[in-house]
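Just so you know, all these numbers are worked out from the coordinates, no wet-lab data involved. What you see is a predicted model; the values in this text were computed from it and never measured. Here the Cβ positions follow ideal geometry from the backbone for every residue, glycine too, while neighbour counts run over all protein chains shown.
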Amino acid sequence: SLVERSGAAPAAAAPPVPVRLAGGTLTPFTVPLTVPQTLRPVLRTATTDYYSVTMHRRRLEILPGTRTEVYTYNGDLPGPTIRATSGRRVVVRQRNRLGMPTAVHLHGGATAPGDDGSGTATIPPGGERVYTYPNQQPHATLWMHDHTHHMEAEHLYRGLASLYLLSDRTEAALPLPRGQFDVPLVLRDAHLDADAQLVWNMDDADNRTTLLVNGRPWPRFEVQARRYRFRLVNSSNLRFFLLQLADAGEMTVIGSDGGLLEAPVTVPYVLLSPGERVEIVVDFSRYQPGTSVVLHNLMGPGPFEQVGSVMRFDVVPARGRDRSSVPQKLRTLPPLPTPTVRRTVELRMDEFGTGHQAYIDGKVFDPARIDTTIAWGSTEEWTVTNGNVFMPHNFHMHLVQFRVLGRGDGPPDPTESGLKDTVVVWPGQPVRLQATFDTWRGVYPYHCHMVDHSAMGMMAQMKIV
Ligand code: C2O
Ligand code: CU
């Protein structure tokens, strides 16, 4: 299964204890969860929604009573959410007031190469750039984040991430929980020093022990005794989340990176590597009002150590009847054409010592080099392997949503049977995937989405011609 290589096993968690932070103490589950606000368009025409975003630094309250300097989209952590609809274009003017070059990438979007945000065309300090998102793709929970060459890891870590929720008729017609019952949970970690300031060190997973959900440390969230849809997004640089409710209560996975699965899958826990999205429905009507249920990370608080907690759900009585449901048929995925080209890709990094470098197929990223040339319109099957022994990687392709065909000798995990753009690659367990390149032509990267790894070179480029 997806987690067999993780070394993590479901286990009972110790009761949460106050954590010592920034010279003070924080009792987990005291800070209320907030949900990123929806960004309002500055203009709407018959075909297009226009948005304006400013990137700037801000001192925000993350730990109660302290201020932490973060990089923001429009002053928020995460930034404000863009809600888009398939077939309606979105144009975002990004103004850079951060004092350093930036670039904005729509993760999971089929975007023209010039708007992908991943090339060498950055937004200079004080400058601006207009990104166009055609949204000629089905619904999906996408997200935006910094992708400035060599600086993506630090910029993402310092806060440049936001949600981009793309809907379509298929999704809108389903009776899933919606409105205030459709809640994004953007998960990440951070290393805060004694003054509550972010500490940035490359590949410093062990010290990033503060967990944030929508920018709040170990929050509590009051839920009615009814169904909720949660859009889980892992915006961490390196941390994996293996999420389980404290009572091991069931979660129904309805979607992944590229939108809904064909059919829901009921699981006791879900795994998210950096960059991945998983959508779940949890039915809190099975709990007595007054019950509190902690969401555990079976891979935390140290990245691969004992169980940690992420947030707590406090159940209150339902107000009104819950008319939502999870249909057995959620969508029909496009058929899988037969691949005509097969390739292998190896992800690897120096495992010991300092001054790490990271590689794809033995090469450190070079933006001037094309690593793979792909014929437009073709379908390819890629076998992605992890050349390390102790460390996981994951694999993200720009431009396309792919399908996972197999994991090791077996089939993909049922939760990764839908459309994906990022997939976990454990040591010793190659992942086979297939993609069709029938939208844009041009140069796009593929990389490990443990972004410290990609910033250290675990990135390559494909050119669709
Ligand atoms: Cu989410 Cu190349 O990135
Ligand atoms: Cu990696």
- Item | Rg ratio (alpha-carbon, reference 2.2 N^0.38 Å) - region 341-464 | 1.01
- In nm, spacing of pseudo-spin labels at M202 and D409 (7 Å Cα→C-beta vector): 3.9 nm
- How large is ³J(HN,Hα), in whole Hz, for each residue of region 255-269 in order, when computed from phi with the Karplus curve 6.51 cos²θ - 1.76 cosθ + 1.60 and θ = phi - 60°, using x for Gly and Pro? x, 9, 3, x, x, 5, 6, 5, 9, x, 10, 8, 9, x, 7
- Message: Ranking request for peptides 69-78, 231-240: highest mean number of other beta-carbon atoms within 10 Å first, then the rest in descending order.
- Response: 231-240, 69-78
- How many percent of DSSP beta bridges within region 342-465 run antiparallel, rounded to 5? 75 percent
- Which whole-Hz couplings ³J(HN,Hα) result when phi for each residue of region 194-201 is put into the Karplus expression 6.51 cos²θ - 1.76 cosθ + 1.60, θ = phi - 60°, listed in order with x for Gly and Pro? 5, 9, 6, 9, 5, 9, 10, 9
- Query: Which cross-chain or sequence-distant (5 or more) residues have an amide H under 5 Å from the amide H of T209, H modelled 1.01 Å from N in plane?
  - Reply: A190, L192
- Message: From the phi angles alone, apply the Karplus equation (6.51, -1.76, 1.60; θ = phi - 60°) to region 54-65 and give each ³J(HN,Hα) in whole Hz, x where the residue is Gly or Pro.
- Response: 10, 8, 8, 7, 8, 9, 10, 7, 9, 8, x, x
- Item | For the chain, the spread of Cα positions along each principal axis, largest first, Å | 59, 52, 49
- Note on the structure: Of the convex hull drawn through the C-alpha atoms of region 421-465, the volume per residue in Å³ is 94 Å³
- Counting sequence-distant residues (5 or more places) and residues on other chains, those with an amide H built under 5 Å from that of S378 are F437
- Item | Share of Cα-Cα pairs in region 216-327 lying beyond 20 Å, as whole percent | 41 percent
- Message: Give me the Å³ per residue figure for the convex hull around the C-alpha atoms of region 305-398.
- Response: 263 Å³
- Item | Difference of contour (0.36 nm per residue) and Cα-Cα distance, A121 to T47 | 24.0 nm
- Message: For the chain, what does the helix formula give at 222 nm: sum of -39500 (n - 2.57) over DSSP H segments with n ≥ 4, over the residue count, nearest 500 deg cm²/dmol?
- Response: -500 deg cm²/dmol
- Message: What does the extension gain come out to for D366 and Q136, with contour length at 0.36 nm per residue minus their alpha carbon separation?
- Response: 79.8 nm
- Task: With the Cα gyration tensor of region 43-172 in hand, give its eigenvalues times 5 under a square root as the equivalent ellipsoid semi-axes, listed largest first in whole angstrom.
- Result: 25, 17, 13
- Estimated inter-spin distance, H356 and R89, nm [label 7 Å along Cα→Cβ]: 4.1 nm
- Under-5 Å amide H pairs with A84, H placed in peptide plane, nonlocal only: L165, L166, S167
- Message: For D247, D371, D257, which order do you get if you count the other beta carbons within 10 Å of each Cβ and list the fewest first?
- Response: D247, D371, D257
- Query: Given a Förster distance of 25 angstrom, what is the FRET efficiency for S292 paired with R67, based on the Cβ-Cβ distance and rounded to 0.05?
  - Reply: 0.30
